[in-house]
1. Out of 92, 71, which single residue is outside the structural domain of residue 16 (by TED's automatic domain parsing) and either closer than 30 Å to residue 18 by Cβ or under 19 Å from the mean Cα position of the chain (by Cα) (or both)?
2. Mind checking whether some residue in the stretch 9-26 is farther than 23 Å from residue 102 by Cα, at pLDDT 85 or above and not in a helix (DSSP H, G or I)?
3. Take the stretch 43-66 and flag every residue that is surrounded by fewer than 10 Cβ atoms within 10 Å (Cβ to Cβ) and either in a loop (DSSP other than H, G, I, E, B) or under 28 Å from the mean Cα position of the chain (by Cα) (or both).
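The values are calculated or read from the model by the stated rules, or taken from the named source; none is laboratory data. Bear in mind that the values here come from a model prediction, so they are computed numbers and not experimental data. Reconstructed Cβ throughout: ideal geometry from the backbone, glycine too, with neighbour counts over all protein chains shown.
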């Protein structure tokens, strides 16, 4: 079972929430749902990628700018990023466990 979460309109539901809804569907209902989901992401899949190739000079300029920003004290320290990620993970894990307890 997937452990990712779905974000929509500031509501966060663990994937287990959706699995609880889908697990009791019969195969034809699941197939219809999968078809609907695929159709819903087709526009995003057809959109051109926002990524582009950079020249070596452009990459070096970006790295130079990042180094200047770092020396100027801009950015977020690595420790803060990891702490925030750990806190978010723990929050999502607690929400998923609460949903499981509610289902019992």
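1. 92 is the lone residue from the list that is outside the structural domain of residue 16 (by TED's automatic domain parsing) and either closer than 30 Å to residue 18 by Cβ or under 19 Å from the mean Cα position of the chain (by Cα) (or both).
2. Looking through the stretch 9-26, at least one residue is farther than 23 Å from residue 102 by Cα, at pLDDT 85 or above and not in a helix (DSSP H, G or I).
3. Listed by number, the residues that qualify are 43, 44, 45, 46, 47, 48, 49, 50, 51, 52, 53, 55.
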